[in-house]
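The values are calculated or read from the model by the stated rules, or taken from the named source; none is laboratory data. Since the structure is predicted, the reported quantities are computational estimates derived from the model, not experimental observations. Cβ atoms come from the backbone with ideal geometry, glycine included; neighbour counts cover every protein chain shown. Accessible surface areas use protein heavy atoms only, side chains included; no ligands, DNA or RNA. Shrake-Rupley method; radii C 1.70, N 1.55, O 1.52, S 1.80 Å.
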Amino acid sequence: MLTNKCIIVGITGGIAAYKIPDLVSKLVKAGADVHVIMTESATHFITPLTLRTISRNPVTTQMFETSGPWDVRHISLADRADLIVVTPATANIIGKVRGGLADDILSTTIMASQAPVIFAPAMNVHMYENSIVQDNIRSLKAYGYHFIEPDSGRLACGYEGKGRLPDVEVIYDNIASFFSTSQDLTDRTFLITAGPTREFIDPIRFITNRSTGKMGYALASAAKQRGARVILVSGPVNIPVPDGVTFIPVQSAGEMFQAVKENYQSADVIIKTAAVADYTPKSTSKTKLKKGDDGLTLELDRTQDILRYLGENKEDRVLVGFAAETDNLIENAQKKIQNKNLDLIVANDVTVPGAGFGADTNIVKFLYRDGHIEEMDKMSKGDVAHCILDRVINLNR
Ligand code: CTP
């Protein structure tokens, strides 16, 4: 997908600059021709030598250096670029581009280029939330510039809040999606479930699990990019809803079942990524339960197995399930294919580092009804999503 694409990676002065060699390395491995431009401030956080070595190309830091007698660097790069990614993007570079300023090699290259530009902002939470910065972002979006939302969490400056550079895998997926032009799902409707469910014990306590929704959201976003109509039914998660999908937020397994029942008939393909609770409290207290001196025994009922229901009612729809296991992966996943009448199951061993809950990568096996198994390498969840869609197309022909 990225082979021979000319990508300019612009690094500005933020502590998250230390993550960028990893991003550049992934882009180079994927076949991209990566040219790094660093602002003066960025060079205080990381050296041009590191990026030159990893990108295997000269790194530009100065406005007035030339790479050859007839070559004006910011014009030659600006013309060749298929995409410019500014990461980490400080409030300063965002403000400069919004204001049309071109006073260093990076801002000048952005101004001089017709390539699409993605900003991945990273900064102190108060800076990010500053109305001027937000106004600049809104305005740049209106001009057609793209943004990757920062993550929330503990920031290098010691504050908690929004402003962390997203993981390199997420930035990589955003870049890869720019070049995935294939619109092979335009006439299909996908119903995708994602995230955990919450089974309430009382108004403030619930039973849940470690699912973060990343795999389901990656699938929704990949299917949307490839032209599908996407209905995303999701338990509570902390990631933005992909643009253009029909979003149905739910909390409990019961609500998820209801939403699925109301929507599955319009779908050609159903992918059940959600980690649905298998048990729910027999009763939910309307008021907060008060503790006593003794232990507490909770009585739980089985929830509806939504996937099994779909298996019984699927007709000619393609039905894909997930199996997150800690042992006997293949055997357990094979049972689920048969019991739930699936066309494909995506199985992963959640005890392996880089697979499963919360990770940005996954290591999966595809198991088919006829017993055939495909073992995949470790990939970003975005790449896993595209691999699943590639297989679904073949099953849905
Ligand atoms: N699933 C569902 N409804 C449930 C439980 C699970 O639709 N009430 C779906 C999940 O979305 C996933 C697959 O079933 O696609 C997981 O299979 P499941 O057998 O439920 O796995 P576990 O919950 O891990 O169960 P087990 O204890 O049998 O391993």
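A few remarks follow.
- With N the number of residues in segment 1-111, Rg(Cα) / (2.2 N^0.38 Å) evaluates to 0.98.
- Per residue value of the accessible surface for segment 6-178 (all protein chains in place, 1.4 Å probe), Å²: 45
- For segment 69-207, dividing the convex hull volume of the Cα atoms by the residue count gives 189 Å³ per residue.
- Where Asp184, Asp327, Asp377, Asp104 fall by accessible area, highest first, once all protein chains stay in place (1.4 Å): Asp377, Asp327, Asp184, Asp104
- Choice from Phe357, Phe64, Phe190 showing the highest fluctuation, given a GNM over the chain with Cα pairs closer than 10 Å: Phe64
- For segment 273-298 and segment 311-343, distance of Cα centres in Å: 29
- Gyration tensor (Cα) of segment 138-288, equivalent ellipsoid semi-axes in angstrom: 29, 24, 12
- C-alpha long axis of helix 20-29 to longest principal axis of the chain, angle in °: 80
- Convex hull per residue volume in Å³, alpha carbons only, for segment 93-150: 79
- Using Cβ point charges alone (K and R +1, D and E -1), the dipole size of the chain about the Cα centre works out to roughly 420 debye.
- Using alpha-carbon coordinates, inclination of helix 131-142 to the longest axis of the chain, degrees: 90
- Ellipsoid equivalent to segment 123-174 - semi-axes via the Cα gyration tensor, in Å: 20, 17, 5
- From its DSSP helices (H runs of at least four residues, each -39,500 (n - 2.57)), the chain gives a residue-normalised ellipticity at 222 nm of -9500 deg cm²/dmol.
- Between 0 and 90°, nearest 10: helix 329-339 axis offset from the chain longest Cα axis: 60
- Peptides 205-213, 79-87, ordered by how many other C-beta atoms sit within 10 Å of their residues on average, highest first, read 79-87, 205-213.
- Here the Kirkwood formula, the inverse mean of 1/r across different C-alpha pairs, assigns the chain a hydrodynamic radius of 23.0 Å.
- Just the protein heavy atoms count here, and of the accessible area of the chain at 1.4 Å, carbon and sulfur take up 48 percent.
- log10 of Debye I(q)/I(0), alpha-carbon scatterers only, for segment 262-368 at 0.14 Å⁻¹: -0.70
- Tail fraction, Cα-Cα pairs, segment 189-395, threshold 26 Å, whole percent: 32
- Along each principal axis, Cα extent of segment 149-204, largest first, Å: 43, 38, 13
- Of the GluC sites (Glu not before Pro) in segment 229-299, those whose Cβ has at most 10 other Cβ within 10 Å and which sit in DSSP loop: Glu299
- A convex hull fitted around the alpha carbon atoms of segment 340-397 yields 91 Å³ per residue.
- Between segment 173-232 and segment 130-154, the C-alpha centres lie 23 angstrom from each other.
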